[in-house]
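The values are calculated or read from the model by the stated rules, or taken from the named source; none is laboratory data. Small disclaimer: the values here were computed from a predicted structure and weren't measured. Every residue, glycine among them, receives a Cβ derived from its backbone with ideal geometry; neighbour counts consider all protein chains shown.
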Amino acid sequence: MRRERQIELLQRVADSGDHLAGLHGERSMINPASSYADPAHFADEMRVLFRNGPTLLGLSCEMSEPGSYLSTTLDGVPVFAVRQQDGSIRAMVNACRHRAAPLVSDRSGNLGRSIVCGYHGWTYDPGGALLARPLSAGAFDDVTINCDLHSVTVAEKYGLIFVRVGSDETIDVDEVLGGAQDDLGSFGLDGYTHIETRTNEWDMNWKLVLDTFTESYHIRWLHANTIAPAFNSDCVIYESFGRNFLSVGLRANVHDEFTKPKEDWSLLPYGTIQYFLVPNALVVYQLDHIEVWRLEPLDVGRVRTHTSIFAPEPPDERALRYWTKNLDLLLEVTGTEDFPTMERIQAALASGAVPNVVYGRIEPPLVHFHTALAEALATTR
Ligand code: FES
Ligand SMILES: [Fe+2]
């Protein structure tokens, strides 16, 4: 992150007074429980945000070689993207044109020079054009429909890959990022190395995964026995970029930096710099690595999470152990403290006994996130 940008963000902390009250948002918000628990609301979100809207498929460095692919599911639509020989990306529906069997089953991998269906061997080129129907001896010669794979809109920029299944409308990555590209572009995401991705499922609405990371208010209580001593629990630095937003969690000792001359200030040792790419991803920029959380909503009260870690350079064995431990720790704190609480929140919201939740001015990213979602849904009703 550029130095001037770090200083600009730290200046806001320096100016914010006791308990960082100067970082508070302009207003609180009441959100009805139905936002988390109503199946009809969930269906609207899936259609508007996940099927029609662009979502983050992953990072370019996860599929850098020709033939490498990434897959996901968007509002039930199975999708995969393949790196072509010329370096471009093609995205397609992950369903064979014979009888709709999946063409890839893993989150990532390398297909080599062709895509071969595992059911009856129909073979496609990496761009999805049908090449062969082995062993069929002309049995499909009277079929008149085009049997190339259905293509899906895809775009790549700043080391980020976005897909859209709901329409052929092209994706303008700059428009999608809404200004966050000034920071994200400066991170050089293209140059990172994917270390590992771990997948889990949780009994909660997909938004609760993102809610978890939006604010630091909970740290002092929920993480009292783990990370609380190291982190500030007062407020976060918040900025919005269209529907996306930035939330920077701060270390407890952030004020130490203000003893230095201002031109030497550095945010990175003190900040957990989190870019929420609404609706489905969170890119966390840390001093020495990047974490990415991607969500696949499965049902109104069920979500799959993919947590990935990226290092600035290819790791040796020692570095690999370090990154694995880093991921272990991240998933242990979230998996034993945050998400079990979120699952119980989901159960309470779905019970019918809790009409709403309250987001305070101490949680400005939450107010922004849920306001932006409500607006996105309202404009398409
Ligand atoms: S479903 Fe793919 S070859 Fe039959
Ligand atoms: Fe937490």
With criteria (1) over 18 Å from the mean Cα position of the chain (by Cα); (2) closer than 22 Å to residue 364 by Cα, residue 43 comes up short on (2)
Counted residues in segment 90-120 being surrounded by fewer than 17 Cβ atoms within 10 Å (Cβ to Cβ) and assigned to a loop (DSSP other than H, G, I, E, B) come to 12
Scanning segment 121-147 residue by residue, those surrounded by 11 or more Cβ atoms within 10 Å (Cβ to Cβ) and hydroxyl-bearing (Ser, Thr, Tyr) turn out to be 123, 124, 136
**Message:** Given the condition in a strand (DSSP E or B), surrounded by 15 or more Cβ atoms within 10 Å (Cβ to Cβ) and in the same structural domain as residue 159 (by TED's automatic domain parsing), answer yes or no: does some residue in segment 25-35 qualify?
**Reply:** no
(Q) Any residue at all in segment 237-254 that's free of Cβ contacts under 8 Å to residues at least 12 places away in the same chain, assigned by TED's automatic domain parsing to the domain that holds residue 20 and either in contact with a Cys (Cβ under 6 Å, 6 or more places away or on another chain) or part of a strand (DSSP E or B) (or both)? (A) yes
Being of a type in the set (D, E, K, R) and touching a Gly at 6+ places or on another chain (Cβ under 6 Å) narrows 211, 190, 174 down to just 190
Selection from segment 355-381 of residues touching a Lys or Arg at 6+ places or on another chain (Cβ under 8 Å) and among the aliphatic types (A, V, I, L, M) yields 367, 372, 373, 376
Checking 210, 222 in turn, the sole residue that is surrounded by 15 or more Cβ atoms within 10 Å (Cβ to Cβ), more than 22 Å from residue 64 (Cα to Cα), within 16 Å of ligand 2 (Cβ to nearest atom) and within 16 Å of the chain's Cα centre (by Cα) turns out to be 210
_residue 257 in contact with a strand residue (DSSP E or B) (Cβ under 6 Å, 6 or more places away or on another chain) and either in the same structural domain as residue 368 (by TED's automatic domain parsing) or at pLDDT 95 or above (or both)_ = no
**OP:** Evaluate the following for residue 18: is it assigned by TED's automatic domain parsing to the domain that holds residue 277, at pLDDT below 95 and more than 16 Å from residue 294 (Cα to Cα)?
**Re:** yes
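Being touching a Leu at 6+ places or on another chain (Cβ under 8 Å), of a type outside the set (Gly, Ala, Ser) and over 30 Å from residue 123 (Cα atoms) narrows it down to one residue among 192, 217; which is it?
Details: 217 fails: touching a Leu at 6+ places or on another chain (Cβ under 8 Å).
Only one candidate passes the filter, namely 192.
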Practice prompt. Look at residue 56 and say whether it is assigned to a helix (DSSP H, G or I) and closer than 20 Å to residue 276 by Cα.
Written response: no
